[in-house]
Amino acid sequence: MTRATGGPVELLVDRDGPFTRAAVLAGGRLTDLHIDRADRSSLVGAVFLGRVERIVTGLDAAFVDLGTAKPGLLGVRDARGPKGWVERIGTLLRTGQPVVVQVKADAFGAKGPTLTMDVTLPGRFLVHAPLGRGITVSKRLGAGPQRAELLRRIESAVVGEGWIVRAGAAAVDPGLIAVEADSLAVAWRAIEAAVFGAAPALLRPALDAPRRALVEAGASRPDVILADGPELADALVRWCESEAPDLAPLLRRHDGPPGLFEMRDLDRSIAELAGTRVPLGGGASLVIERTEAMTVIDVNAGERGNALDVNLEAAAEIARQLRLRNVGGIVVVDFVNMKGRSDGERLLTALARAVEDDPAQAQVYGLSKLGLVEMTRNRRGVALADLLAPAGTDTGMPA
């Protein structure tokens, strides 16, 4: 969770009609937004016992029946056998075979969900990759004594192999890590026990919006968690007691009216995210246009004369907007023209730093020959624009 100086970090959770919403505010400013919609829910992270519908040799992929509206696509690069990755999917799978898969990306347009056999169960401090080996530590921790000490602590807290240690775990009480490791291991054993049932079947649902917000924040805790009404509050209390005991004292229940989002004027903020124009200081602005192939962002300087200053402000706001709107895929940015190469390098560095903590893994590639900045952001869940579209609307747009 992004922490702004001079103000607390708050997680606000509410339910509004078909929407369950979790908003992160840092110093009173919206920094992260997670929304579930009952009739348009994301399956990212869900684990299924699927059944192979057919093998497509030309794609070197399999279509897998999940029991959902569209079958999922499992490519050879995401197919894994007892001895590891396979070179051709037809050597591993056959039509009618049950297979445990996890959703990597939601369906969009005519395409079904993207699947993998490399199941991972994310936690705040650890990610359990039960088909992996050993313990892997985040590269952000670097090398040296701190890394060695963390490995020693993790080895004493976990059982078995297949653990990825998130960067924030270095400052966490080993007892909390052990609680989470046990919870993730139990979840995997439950999945293993269910593979002998009938396929297709849902073995583990995707995290809902409040839990997704807390898990993606990792070891960066909010200062307070406010839940609107007894139902949401009680559900979060139960989850914290079993999986995140350090968060339980932070929970507060809000009984309206008015509701939490109404009190903080968040409904207006969310509505503005459906628009294309984002104001910056001094009359500058961003224009964000989403197409089927990519998202295009134009930076307008307004009446401001210093192009670098405008672009640096825009870079920080672009990183924020990509997260809030849950934009995925290719992103092309047309920044205000600058004079020197050093200004361009400074801008690229600032943009890369701005997206560094994005849980969706954004990558800045650099300037094209036309002076456009090219970047990508992993698709995760349903884009905000699609969630807010009227019921029955098929946008046909990628998530």
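Given the criterion among the basic types (Lys, Arg), part of a loop (DSSP other than H, G, I, E, B) and open to solvent by 20 Å² or more (accessible area, probe 1.4 Å), identify the matching residue among 104, 70.
On the way: 104 fails: part of a loop (DSSP other than H, G, I, E, B).
Going through 104, 70 in turn, the sole match is 70.
Has region 174-186 got at least one residue that is farther than 16 Å from residue 125 by Cα, of a type in the set (Val, Ile, Thr) and open to solvent by less than 40 Å² (accessible area, probe 1.4 Å)?
The answer is no, given that none of the residues of region 174-186 is farther than 16 Å from residue 125 by Cα, of a type in the set (Val, Ile, Thr) and open to solvent by less than 40 Å² (accessible area, probe 1.4 Å).
Return the residues of region 261-275 that are part of a loop (DSSP other than H, G, I, E, B) and closer than 16 Å to residue 326 by Cβ; say none if nothing qualifies. Working first, answer last.
If we filter region 261-275 for residues that are part of a loop (DSSP other than H, G, I, E, B), which is where we start, we get 264-265, 274-275.
Within region 261-275, 274, 275 meet the criteria.
Need the failing condition index for residue 205 against (1) of a type outside the set (A, V, I, L, M, F, W, C); (2) surrounded by fewer than 19 Cβ atoms within 10 Å (Cβ to Cβ); (3) more than 20 Å from residue 129 (Cβ to Cβ), just the number.
Unmet for residue 205, out of (1) of a type outside the set (A, V, I, L, M, F, W, C); (2) surrounded by fewer than 19 Cβ atoms within 10 Å (Cβ to Cβ); (3) more than 20 Å from residue 129 (Cβ to Cβ): (3).
Which pairs turn up if I take residues in region 111-140 that are within 19 Å of residue 153 (Cα to Cα) and β-branched (Val, Ile, Thr) and look for partners that are open to solvent by less than 30 Å² (accessible area, probe 1.4 Å) and not in a loop (DSSP other than H, G, I, E, B) with beta carbon separation below 6 Å, at least 6 apart in sequence or on another chain?
Listed pairs, sorted by first residue: 135/154; 135/163; 137/165.
Being under 23 Å from residue 162 (Cβ atoms) and assigned to a helix (DSSP H, G or I) is the filter here, so list the residues in region 73-101 that pass it.
76, 77, 78, 89 - these are the residues of region 73-101 that are under 23 Å from residue 162 (Cβ atoms) and assigned to a helix (DSSP H, G or I).
Here are some conditions: (1) modelled with pLDDT under 95; (2) open to solvent by less than 40 Å² (accessible area, probe 1.4 Å). Residue 227 meets all but one. Which one does it not meet?
Status for residue 227: all satisfied but (1).
Of all residues in region 54-84, which are over 25 Å from the mean Cα position of the chain (by Cα) and closer than 25 Å to residue 190 by Cα?
81, 82, 83, 84
Just a yes or no: is a residue in region 247-260 in contact with a Cys (Cβ under 9 Å, 6 or more places away or on another chain), open to solvent by less than 50 Å² (accessible area, probe 1.4 Å) and part of a helix (DSSP H, G or I)?
Yes: region 247-260 contains one or more residues that are in contact with a Cys (Cβ under 9 Å, 6 or more places away or on another chain), open to solvent by less than 50 Å² (accessible area, probe 1.4 Å) and part of a helix (DSSP H, G or I).
Considering only residues of region 294-346 that are hydrophobic (A, V, I, L, M, F, W, C) and part of a strand (DSSP E or B), which is most open to solvent (accessible area, probe 1.4 Å)?
For region 294-346, the residue satisfying everything is 330.
So which residues in region 146-172 are within 25 Å of the chain's Cα centre (by Cα) and open to solvent by 40 Å² or more (accessible area, probe 1.4 Å), if there are any at all?
The answer is 161, 164, 166, 171.
Let's see how each residue does on (1) touching a Pro at 6+ places or on another chain (Cβ under 9 Å); (2) buried (at least 19 other Cβ atoms within 10 Å of the Cβ); (3) hydrophobic (A, V, I, L, M, F, W, C); (4) more than 20 Å from residue 102 (Cα to Cα):
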{"position": "14", "(1), (2), (3), (4)": "no, yes, no, yes"}
{"position": "19", "(1), (2), (3), (4)": "no, no, yes, yes"}
{"position": "33", "(1), (2), (3), (4)": "no, yes, yes, yes"}
{"position": "36", "(1), (2), (3), (4)": "yes, yes, no, no"}
{"position": "48", "(1), (2), (3), (4)": "yes, yes, yes, no"}
{"position": "64", "(1), (2), (3), (4)": "yes, yes, yes, no"}
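So if I check each of 319, 314, 301, 274, which one is small (Gly, Ala, Ser), touching a helix residue (DSSP H, G or I) at 6+ places or on another chain (Cβ under 6 Å) and either on the phi > 0 side of the Ramachandran plot or at pLDDT 95 or above (or both)?
The match here is 319.
The values are calculated or read from the model by the stated rules, or taken from the named source; none is laboratory data. Values in this document were obtained by computation on a predicted structure and should not be read as measured data. Because the Cβ atoms are built from the backbone with ideal geometry, glycine has one as well, and the counts that use them run over all protein chains shown. We work out accessible area using only protein heavy atoms, side chains counted, and drop any ligands, DNA or RNA first. Shrake-Rupley method; radii C 1.70, N 1.55, O 1.52, S 1.80 Å.
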